[in-house]
Amino acid sequence: MATSDTTDSGYSEEKRTKPLLVNGRYKNPWATWKEPSANFFFTMMKEKDYSKIPSKKQELDKHLPVQKPDFERLKTPPQSGVQATWIGHASVLVQFDGITLLTDPIFSDRCFMFQWIGPKRYRPPPCQVDELPILDAVVISHNHYDHLDHGSVVSLNKKFGETLWWYVPMGTRQWMLDCGCKNVVELSWWEEHKHSPNPDITFVLTPAQHWCKRTATDTNKALWGSWVVKGPQRKFFFAGDTGYCEGFKQIGNEYGPFDMAAIPVGAYAPRIAMKTQHVDPAEAILIHQDIKSQNSLGIHWGTFKLTYEFYLEPKTKLAEELRKSNLPEDCFVTITHGETRIFGK
Ligand code: ZN
Ligand code: ZN
């Protein structure tokens, strides 16, 4: 098998592209990446905000209902298929092949350093940490506040303690240990780890096109990524937070097809500021195709006010773009907060 080839743009496409590390900071290796402009805040100030998030709860309940998960279903997941429950934003409870895992958990009111400032959630979490079924693992895509939430990590660790395994990208392990987490596995892109309590399950950190930052001085000192979770019967993919890049074709070639994938569809406007770090629904569909996903769930929308697209547009645009791509409308869906659905049964 060829180990590399060249795309139309002339950009060399390694089979398994690795992240770059320069002076202790990670860099995207993708031709599609551009460093965020120094004028980022000025650009955001100039652009029009179309989000129009209703202030009335009634209106929000009508368009973005939040339902209590069916805890009985979560306690007894089906023998076949991948059962997924949307906890809001990029948090998804995923159950298959005897494992229960949670992606990028956030149950807090704000996704920021402090709970009195920063983006506030406009839809509540459908349940609390105490109500969750027994969790085996948590995967973290990167350290931005809407994906790695201190309060949620501490609560999950308090509830599940040593029985819970944390899978994180390089540079994030110490932060997790400082939170009191015991079993923390830190990986770089393409590194695989067999889940110790159940070696039939393998976790693999795979690429994404994104970046990291929690403080004024730690930009990109930790890595970002997506996750492949392979069981004996089923395979799940979690895209995390990402712009579109050639990494997804590599993931599809190495690990596809997937029974189910959770792919971001929101936080994409204005494109001038967001394109390299957040896909829009059309690009999310390209990821769905590149990784050879059989069923995808649109996440990273409808929860926090982060960007300027109309708050319901990720959902409607996803459906519109699927029609344009001549793909079946049920191959890439959004569900309501707290809803459980079985994919690939
Ligand atoms: Zn992010
Ligand atoms: Zn995000």
Shape call, the stretch 272-345: gyration tensor on alpha carbons, a/c limit 1.5: oblate
Accessible surface, 1.4 Å probe, highest first, among residues Thr103, Thr316, Thr334: Thr316, Thr334, Thr103
Amide hydrogen neighbours beyond the local backbone of Asn183, cut-off 5 Å, H modeled: Trp166
Carbon and sulfur %, accessible surface of the stretch 57-343 computed with the full protein complex present, 1.4 Å: 52
Interchain or long-range residues, amide H under 5 Å from Lys120's placed H: Lys305
Chain lengthening between His150 and Asn183 when straightened (0.36 nm per residue, less Cα-Cα): 10.2 nm
Karplus-derived 3J(HN,Hα), 6.51/-1.76/1.60, for each residue of the stretch 235-248, Hz, glycine and proline x: 10, 10, 10, 10, 7, x, 10, 6, x, 7, 8, 6, x, 5
Extension gain (nm, one decimal) between Glu329 and Thr202, 0.36 nm per residue minus Cα-Cα: 42.7 nm
Mean projection area, nm², convex hull over Cα of the stretch 57-343: 13.8
Local electrostatic count, Cys245, Cβ distance below 10 Å [Lys/Arg +1, Asp/Glu -1]: -2
Residue-averaged 222 nm ellipticity for the chain, from DSSP H runs of 4+ at -39500 (n - 2.57), nearest 500: -5500 deg cm²/dmol
Note, ³J(HN,Hα) from phi for the stretch 67-82, Karplus 6.51, -1.76, 1.60, rounded to Hz, x at Gly and Pro: 10, 5, x, 7, 5, 4, 5, 5, 6, 10, x, x, 5, 10, x, 10
Cα-based reach from Lys27 at 16 Å (exclusive), listing lysines while leaving out same-chain residues under 8 positions away: Lys18, Lys213, Lys221
Estimated vicinal HN-Hα couplings, Hz - the stretch 283-288 in sequence order (Karplus 6.51, -1.76, 1.60; Gly, Pro = x): 6, 4, 5, 4, 4, 3
Residue-normalised accessible area of the stretch 57-343, expressed per residue, 1.4 Å probe, Å²: 37
Dmax and Rg, reported as Rg then Dmax, of the stretch 101-227 (C-alpha, Å): 14.2, 43
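The values are calculated or read from the model by the stated rules, or taken from the named source; none is laboratory data. Keep in mind that this is a model prediction, so the values were computed, not measured. Here the Cβ is made from the backbone with ideal geometry for all residues, glycine too, and neighbour counts use every protein chain on show. The area values use the complete protein model at the heavy-atom level, side chains included, leaving out ligands, DNA and RNA. Shrake-Rupley method; radii C 1.70, N 1.55, O 1.52, S 1.80 Å.
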